[in-house]
Amino acid sequence: MLLRPATLDDLPLLKRWDVDPDVRAATGIDDDDDWGWEDSFALDGYDTFLAEVDGRPLGVVQILDPHRDATKYWGAMPPGFRALDLWIGAPEDRGRGLGAKMLRLAVERCFADPTVHTVLLDPLESNDRACRFYEREGFRIVGPRRFGEDDCLVYRLDRPTQSGGVEWP
Ligand SMILES: CC(C)(COP(=O)(O)OP(=O)(O)OC[C@H]1O[C@@H](n2cnc3c(N)ncnc32)[C@H](O)[C@@H]1OP(=O)(O)O)[C@@H](O)C(=O)NCCC(=O)NCCS
């Protein structure tokens, strides 16, 4: 598996995945809406990658720098954090260990920047399976938080060499 930058050519595929019921349930995307790919491609602080196996794209990872994010989704944040959104597009590709690989590659990419000390996730509180998956992958709960109309659980993973982690929030 590799992560490669998404391009405008990937929009049809990304929008197709957006209508998958599990993706809709996990992201809170409304029926007549999508993830807002065009906007996020253009926004400072958002990097979008497709996960590919043997050249076949099967999932998407968005890495956000909350400090640079003009939308201030995470509020006013100091540098050194990254936040992830990820999903596997098709049901038949889920539950086969591909998400774990994708998450590990995304985390590796975040920590490749030596200034990054913490990776954040904000699954919907109702998404039990995703929460269990993140916990199994070593993320620990920070606590519940409401983002807009979404009740989420915030998780963090600290850079492995760090003792104790940076205090937040
Ligand atoms: C969450 C997700 C990325 C995990 O990737 P994956 O390849 O399915 O996960 P793995 O095979 O590495 O691990 C399996 C675990 O994934 C979790 N999981 C979450 N949603 C799942 C789904 N729809 N199908 C299968 N497993 C899912 C479960 O914890 C599962 O373990 P379990 O069978 O003990 O419940 C992927 O399932 C997915 O994209 N789900 C739909 C959208 C979503 O929930 N995205 C997360 C948004 S925060």
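Throughout, read-outs are computed from the coordinates displayed, never taken from laboratory work. These numbers were taken from a predicted model, which means no experiment stands behind them. Virtual Cβ from ideal backbone geometry, glycine too; neighbours counted across all protein chains shown.
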- request: Would you work out if the range 86-130 is rounded, prolate or oblate? Take a ≥ b ≥ c from the square roots of the eigenvalues of the alpha-carbon gyration tensor; rounded if a/c is under 1.5, else prolate when a/b is larger than b/c, oblate otherwise.
  value: oblate
query: With point charges of +1 on the Cβ of Lys and Arg and -1 on the Cβ of Asp and Glu, referenced to the Cα centre of the chain, which listed residue (112, 164, 55) lies farthest in the positive direction of the dipole?
result: 164
query: Mind checking the dipole of the chain: about its Cα centre, +1 per Lys or Arg Cβ, -1 per Asp or Glu Cβ, Debye to the nearest 20?
result: 860
message: At 7 Å along Cα-to-Cβ for each site, give me the label-to-label distance between residue 15 and residue 30 in nm.
response: 1.7
message: If you take every residue apart from residue 60 with its C-beta less than 10 Å away from the C-beta of residue 60, what net charge results, scoring Lys and Arg +1 and Asp and Glu -1?
response: -3
Proxy reagent accessibility, fewest Cβ within 10 Å first, across 133, 111: 133, 111
- line: Going fewest to most other Cβ atoms within 10 Å around each Cβ, 105, 157 line up as 105, 157
- request: Please find the FRET efficiency linking residue 128 to residue 56, where r is the Cβ-Cβ separation and R0 is fixed at 41 Å, and quote it to the nearest 0.05.
  value: 0.90
Fraction of beta bridges assigned by DSSP in the chain that are antiparallel (%, nearest 5): 90
- prompt: Rounded if a/c is under 1.5, else prolate if a/b is larger than b/c, else oblate: which is the range 2-112, with a ≥ b ≥ c the root eigenvalues of its Cα gyration tensor?
  reply: oblate
- prompt: With a ≥ b ≥ c the root eigenvalues of the C-alpha gyration tensor of the range 55-140, is it rounded (a/c under 1.5), prolate (a/b larger than b/c) or oblate?
  reply: prolate
